[in-house]
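Single-structure report; data block below.
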Amino acid sequence: MKPFERIVSEYGPMVLRVCRAVLEPTEAEDAWSETFLAALKAYPRLDEGANVEAWLVTIAHRKAIDAVRAAARRPVAVENLPERPVAPHEHEDPELWRALRELPAKQRIAVAYHHLAGLAYADIASITGTTTPAARRAAADGIRRLRARYPPARSGQGENP
Amino acid sequence: MTTSDPEPDSPFAASPPENTEIETHLRERLITAAREHGVLDLAYRALETPVGTLLLVTTEQGLVRVAYDREDHEAVLGELAETISPRVLHAPRRLDEVSHQLEEYFAGRRTAFDVALDWQLSRGFRREVLRKLPGIGYGATASYAHVAAAAGSPRAVRAVGTACATNPLPVVVPCHRVVRSDGSAGGYIGGAEAKRALLDLETTT
């Protein structure tokens with residue numbers, strides 16, 4: 001079994017991107033920390049051949065649900081709503097990330113788990129409690145919507161920095 | 001295959017790769033939380049020294065392993081993950097105290113180490129031998145035969161050699177002070193050159 005440090009280095013950035021895609025920036029960091037603490041605790045019992053990405057995203061998904069539920073229970077005055085600050089990673093492509101955050105939850109989750117975490121639709125289906133075709137459809141709908149709001153043809157400056 | 005690469009039609013394929021490192025504050029948070037929950041079984045760091053980069057590894061009980069470059073630090077961590085626990089994190093601050101003492105030692109300002117040790121990697125007679133080694137004072141040496149006699153088994157000279165060669169805590173547990181009866185340095189887990197360097201350091205400061 002690899003030292004857990006290797007899991008943090010290899011998969012930490014991916015899990016952080018996934019958390020940031022599905023949660024507010026501050027909640028995303030909390031979810032990341034809780035995900036890796038839970039993963040560290042459970043790590044000695046992980047099967048040698050397990051799909052580590054799917055294992056981590058499964059934990060992160062549960063932590064994200066907890067975070068959203070906790071936020072829903074917290075009364076927030078309208079004037080205190082977060083400004084959706086730009087997270088550090090978003091300078092890489094702020095418009096794309098904004099468009100992603102504006103997707104309906106199901107599509108956003110399917111897009112994040114498939115396109116950011118690289119999970120197969122079958123894994124996404126079992127994590128989110130849906131079917132493989134439904135997960136595939138949610139990701140495809142999400143990508144279509146992203147395309148409509150975020151035309152990559154416009155971003156020529158990406159090739160000529 | 002249960003994973004797939006992001007598809008070429010993904011808008012994320014066009015965006016530059018993510019920052020490849022997790023921010024320091026997130027790592028710090030994980031280390032702190034892991035300790036609070038009692039699941040940081042092994043913490044490690046690397047320390048630059050005149051005898052090369054040393055890998056330092058600690059459990060909650062104490063320093064459990066010091067490894068030279070030539071032992072291959074990645075391989076050593078892999079072994080420890082198998083034999084002690086895979087809950088291993090790079091947590092340099094957990095090793096501040098021993099690092100500080102090692103720096104003093106290499107600067108010639110320290111003659112003995114005062115850190116908790118975890119002896120779990122050596123057993124039986126080998127452990128007996130190693131525990132006796134700090135008794136050989138700074139700047140002094142003892143022969144394998146002498147150490148065997150001190151451990152109560154004067155004929156176990158070869159076993160003393162093995163104990164030294166498999167010392168999990170070199171430098172801190174001074175197996176480098178055990179030399180051949182003819183006065184030549186003999187083998188060393190960190191290589192003959194490192195042994196010579198430590199002995200020189202101790203006799204010139």
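Within segment A:115-141, if we keep just the residues that are modelled with pLDDT under 95, within 20 Å of residue A:96 (Cβ to Cβ) and in a helix (DSSP H, G or I), the residue that is nearest to the other protein chains (Cβ to nearest Cβ) turns out to be A:115.
Considering segment A:55-109, the residues that are under 13 Å from the mean Cα position of the chain (by Cα), closer than 25 Å to residue B:26 by Cβ and basic (Lys, Arg) include one that is modelled with the lowest pLDDT, namely A:101. Name the single residue that is nearest to residue B:164 (Cα to Cα) among those in segment B:50-72 being of a type outside the set (Asp, Glu) and surrounded by fewer than 18 Cβ atoms within 10 Å (Cβ to Cβ). Among residues in segment B:50-72 that are of a type outside the set (Asp, Glu) and surrounded by fewer than 18 Cβ atoms within 10 Å (Cβ to Cβ), the one nearest to residue B:164 (Cα to Cα) is B:70.
Of the residues in segment B:86-98, at least one is more than 14 Å from every other protein chain (Cβ to nearest Cβ), within 18 Å of residue B:54 (Cβ to Cβ) and either modelled with pLDDT under 95 or surrounded by fewer than 13 Cβ atoms within 10 Å (Cβ to Cβ) (or both).
Criterion first (assigned to a loop (DSSP other than H, G, I, E, B) and among the aromatic types (Phe, Trp, Tyr)) does residue B:113 satisfy it? When the stated conditions are applied, residue B:113 passes them. Taking segment B:67-92, which residues are outside any loop (DSSP other than H, G, I, E, B), in contact with a Lys or Arg (Cβ under 8 Å, 6 or more places away or on another chain) and not hydrophobic (A, V, I, L, M, F, W, C)? Residues satisfying the conditions are B:78, B:90, B:92. Among the residues of segment B:158-189, the one identified as assigned to a helix (DSSP H, G or I), in contact with a strand residue (DSSP E or B) (Cβ under 7 Å, 6 or more places away or on another chain) and of a type in the set (D, E, K, R) is B:177.
Restricting attention to segment B:139-154, the residues that are within 25 Å of the chain's Cα centre (by Cα) and assigned to a loop (DSSP other than H, G, I, E, B) add up to 4.
Here is a yes/no grid of residues against (1) in a helix (DSSP H, G or I); (2) over 15 Å from the mean Cα position of the chain (by Cα); (3) more than 7 Å from chain A (Cβ to nearest Cβ):
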{"site": "B:32", "(1), (2), (3)": "yes, yes, yes"}
{"site": "B:38", "(1), (2), (3)": "no, yes, yes"}
{"site": "B:47", "(1), (2), (3)": "no, no, yes"}
{"site": "B:65", "(1), (2), (3)": "no, no, yes"}
{"site": "B:102", "(1), (2), (3)": "yes, no, yes"}
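Of the numbered criteria (1) buried (at least 16 other Cβ atoms within 10 Å of the Cβ); (2) of a type in the set (Gly, Ala, Ser); (3) over 22 Å from residue B:58 (Cβ atoms), the one residue B:152 fails is (1).
The values are calculated or read from the model by the stated rules, or taken from the named source; none is laboratory data. Please read all numbers here as calculations on a predicted model, not as lab measurements. Glycine also receives a Cβ, built like all others from the backbone with ideal geometry; neighbour counts cover every protein chain displayed.
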